[in-house]
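The values are calculated or read from the model by the stated rules, or taken from the named source; none is laboratory data. Everything quoted here is computed from the prediction, not taken from an experiment. Methodologically, a virtual Cβ is constructed for each residue, glycine included, from the backbone with ideal geometry; neighbour enumeration extends over all protein chains shown. Keep in mind that these areas ignore ligands, DNA and RNA; they rest on the heavy atoms of the full protein, side chains included. Shrake-Rupley method; radii C 1.70, N 1.55, O 1.52, S 1.80 Å.
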Amino acid sequence: GEERTEGVRCGACKECAWRAVCAAEWARNSSVCLLYGATGEVARKLARAGFATWPAVASSSAAELSRRTGLSPDRAESFRLHAKARAEGRPQPRVAAERAPAVPVIYYDIESCDGAVYLHGAIRRFQGGREERQFVARRPAEEGRAWREFLEWLAHDSEAVIYSWSNY
């Protein structure tokens, strides 16, 4: 008989002269090698468990993938979501979107140069709205004024959640 090899993703794929041949075979066969993070070891593990194609992975549950392959539940869910995204042609959320909080959310950032703080910037999100504010000090002598104006503005939202984009 004729010996046949099968192209499976490996660490040398980027430099391999057969890369295009393997990629064409993976596409033709809907191989799990097309899934993000599917190493050769994972591809073989999936195939041995009856999941040689990404459509088979997409139509399974994470629990079944994990049980039959020995992959952790999180990793199995990751492969299932990647396969489902490929099947549906759109991203798959990993977690449900959170509802908008019942309190304002303020994203705060600060800009400085040579030790002088010249800008306090904020984006306030609440009930579907968005407000951007900037409190600017054009000279070092105005830093205190800009800071007080920012604090006064902030005081109107005593229940707000504040996220800082800087490490000050």
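For region 13-27, a residue qualifies if it is under 24 Å from F51 (Cβ atoms), open to solvent by less than 100 Å² (accessible area, probe 1.4 Å) and not β-branched (V, I, T), and the qualifying residues are C13, C22, A23, A24, E25, W26, A27. Take region 147-168 and flag every residue that is in a strand (DSSP E or B) and hydroxyl-bearing (S, T, Y). Across region 147-168, the qualifying residues are Y163, S164. Looking at region 107-131, which of its residues are of a type outside the set (F, W, Y), closer than 23 Å to G144 by Cβ and within 25 Å of the chain's Cα centre (by Cα)? D109, A122, R124, listed by residue number. Restricting the first member to region 122-136 and to residues that are open to solvent by 100 Å² or more (accessible area, probe 1.4 Å), and the second to residues that are in a strand (DSSP E or B) and among the β-branched types (V, I, T), the beta-carbon pairs closer than 8 Å and six or more apart or on different chains are R125/V105; R125/I106; R130/I123; E132/I123.
Which fully enclosed helices (runs of 4 or more DSSP H) of region 16-131 have 1 or more residues being acidic (D, E) and at pLDDT 90 or above? By residue number, 19-29, 40-48, 62-69, 73-88. Could we say that W165 is open to solvent by 70 Å² or more (accessible area, probe 1.4 Å), in contact (Cβ under 8 Å) with a residue 40 or more places away in the chain and either farther than 30 Å from K45 by Cα or among the hydrophobic types (A, V, I, L, M, F, W, C) (or both) here? Against the criterion (open to solvent by 70 Å² or more (accessible area, probe 1.4 Å), in contact (Cβ under 8 Å) with a residue 40 or more places away in the chain and either farther than 30 Å from K45 by Cα or among the hydrophobic types (A, V, I, L, M, F, W, C) (or both)), W165 qualifies. When L34, L46, L65 are checked against the criterion of being surrounded by 13 or more Cβ atoms within 10 Å (Cβ to Cβ), under 19 Å from G89 (Cβ atoms) and of a type outside the set (F, W, Y), a single residue qualifies: L34.
Figure legend. Inter-residue proximity from region 38-66: first residues on the phi < 0 side of the Ramachandran plot, second residues among the aromatic types (F, W, Y), beta-carbon distance below 6 Å, spacing 6+ or different chains. Indicated pairs: V57/F51; V57/F79.
Quick one: would you say G144 is open to solvent by less than 90 Å² (accessible area, probe 1.4 Å) and in a helix (DSSP H, G or I)? Yes; evaluated as a whole, the condition is true for this residue.
This table checks each residue for (1) in contact with a strand residue (DSSP E or B) (Cβ under 9 Å, 6 or more places away or on another chain); (2) loosely packed, with under 15 Cβ neighbours inside 10 Å.
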| position | (1), (2) |
| --- | --- |
| E3 | no, yes |
| N29 | yes, no |
| E41 | no, yes |
| A56 | no, no |
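Yes or no: E3 among the acidic types (D, E) and either touching a residue at least 60 places away in the same chain (Cβ under 8 Å) or outside any helix (DSSP H, G or I) (or both)? Criteria met by E3.
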